[in-house]
1. Give just the number: which of (1) in contact with a helix residue (DSSP H, G or I) (Cβ under 6 Å, 6 or more places away or on another chain); (2) touching a residue at least 12 places away in the same chain (Cβ under 8 Å) does TYR16 not satisfy?
2. Take the residues in the range 13-51 that are surrounded by fewer than 16 Cβ atoms within 10 Å (Cβ to Cβ) and among the β-branched types (Val, Ile, Thr), then tell me which one is modelled with the lowest pLDDT.
3. Checking LEU73 against (1) surrounded by fewer than 20 Cβ atoms within 10 Å (Cβ to Cβ); (2) not assigned by TED's automatic domain parsing to the domain that holds LEU359, only one condition comes out false. Which one?
4. Just to be sure before I move on: is ILE212 at pLDDT below 90, assigned to a loop (DSSP other than H, G, I, E, B) and crowded, with 20+ Cβ neighbours inside 10 Å in the structure I sent?
5. Among the residues of the range 264-288, write down those that are more than 16 Å from TYR51 (Cβ to Cβ) and in contact with a helix residue (DSSP H, G or I) (Cβ under 8 Å, 6 or more places away or on another chain).
6. List the pairs whose first member sits in the range 135-160 and is touching a residue at least 24 places away in the same chain (Cβ under 8 Å), whose second member is in a helix (DSSP H, G or I) and of a type in the set (S, T, N, Q), and whose Cβ atoms are under 6 Å apart, counting only residues at least 6 apart or on separate chains?
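The values are calculated or read from the model by the stated rules, or taken from the named source; none is laboratory data. Just so you know, these numbers come straight off a predicted model, no measurement behind them. Here the Cβ is made from the backbone with ideal geometry for all residues, glycine too, and neighbour counts use every protein chain on show.
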Amino acid sequence: MSDHESPELVDLFTAYTAGPDSIGAHLRACAARGRSRDPLLVVTGADMALYPGDGTPPTVLPYRMTNRGFKELAAVSHLGTALSSLAELYHREPDGVWRQDAELLLRRTRRARAANSAALWRDRIDAAALRGREESVAAMVDYACAITERYLLRALAEPARYFNHQTLRDTYLDDGHPETPVSFNRIMVATFFLVGLDTSYRLITWLDERGIDWARAMVVVVGQIGRPTAGVTWRTNSVAGMVLAASRGKLPLSHLYIAPHAAGFATPVDGDLREVRAVEEQLRQLWAGTRVTVELGGAMFDGYPAFDPGDETTGRPHPVTGPGTSALVTEQPVIRAVDDWLSLVTRLRLVMEDPRQLLSGAVTDYAAQQLIAHDNNPSAVTVPGLDNEPYPAFGTASAAA
């Protein structure tokens, strides 16, 4: 028996939805027209576009592709995860590919260490938020490569002992081992923070220059940002957090929507904004259509309990870690100070175990908050895991062995 649809009832269904001439479509278009003069900020995984409103041409910031030093800092940050992954590979398949992978990592760690220098960070990478810290960053990278090289050599000689998670934690990742005056956990925090610091600095600067009226602003984050399961809520989307920070609390949370399945636009090439302009009306309708449904619910059901975003909002306090607190956290804990290592490292674990999180967002919100607290001056911000840490000078690369 074939499926049957009643054409009369289907017509009734499409009277409200599922078509360009439906009541719902007309309401979305009407709502968008009512907001046509309001600024619309659209964020994709690579770009940020501001549509000032009333037909004024958009401006675009390609914040991801112009993120100087991101891959270089991420390469260093990944060393801890790489060693942990090698330990897991050895544990699962002792006769597998772990040795060739470890030897490849050793060769590339040595090459990276040889290429690292303060001049590289100052003169070639030249990330705005790292200026004045090039010597410290180079020392951190040299140290990170040196202790990784040393660990790999030992692990290749004694894999059962060193490709072991307990040994890795005790002698490389965690604080307290005499051979590692700065634990690699601190280096991971520092590198994530530096990336967040630079990205936040450029976004905040760009948004400040736009002079946005945040009380009227419409903000929508579209498409995939990070891994497929990440960044789909207010609290787990680090770019949304940076925008909220940049508004200095003036952007209502109810004006920011995250639409992971919505299409945005490709990064403009050679200043060609035709595609960016072409999607403005569609994106305005996306935002306004979402907003008008919220408002419609309040009008239809006035007197009933209203929706409360609860712990999804950045306005709610983060959980606090410390003696006597639960061993479990459901959200990123609050960072109480630059040396609050329990919370900082707990965030590293949480962004790996919680598939909703952006891996790079472990401390990005804290970096943005610190920038705002220091008048958007990166040099005034203390970088946990970098500033005031006792990075020793190893001398030549062979000394690490």
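1. Looking at each condition in turn, TYR16 falls short on (2).
2. This residue is THR17.
3. Unmet condition: (1).
4. Taking the combined requirement at face value, the residue does not satisfy it.
5. Restricting attention to the range 264-288, the residues satisfying the condition of being more than 16 Å from TYR51 (Cβ to Cβ) are 266-267, 269-272.
The one that is more than 16 Å from TYR51 (Cβ to Cβ) and in contact with a helix residue (DSSP H, G or I) (Cβ under 8 Å, 6 or more places away or on another chain): ALA266.
6. CYS145/THR109; THR148/THR109; GLU149/THR109
Residue-wise test of (1) among the polar types (S, T, N, Q); (2) assigned to a helix (DSSP H, G or I); (3) surrounded by 22 or more Cβ atoms within 10 Å (Cβ to Cβ).
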| site | (1), (2), (3) |
| --- | --- |
| VAL141 | no, yes, yes |
| TYR151 | no, yes, yes |
| GLN166 | yes, yes, no |
| HIS177 | no, no, no |
| VAL182 | no, no, no |
| ASN185 | yes, yes, no |
| MET188 | no, yes, yes |
| PHE193 | no, yes, yes |
| GLY196 | no, yes, yes |
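Yes or no, residue by residue, for (1) over 19 Å from ILE212 (Cα atoms); (2) in a helix (DSSP H, G or I); (3) in contact (Cβ under 8 Å) with a residue 12 or more places away in the chain:
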residue	(1), (2), (3)
THR236	yes, no, yes
VAL239	no, yes, yes
TYR257	no, no, yes
ASP272	yes, no, no
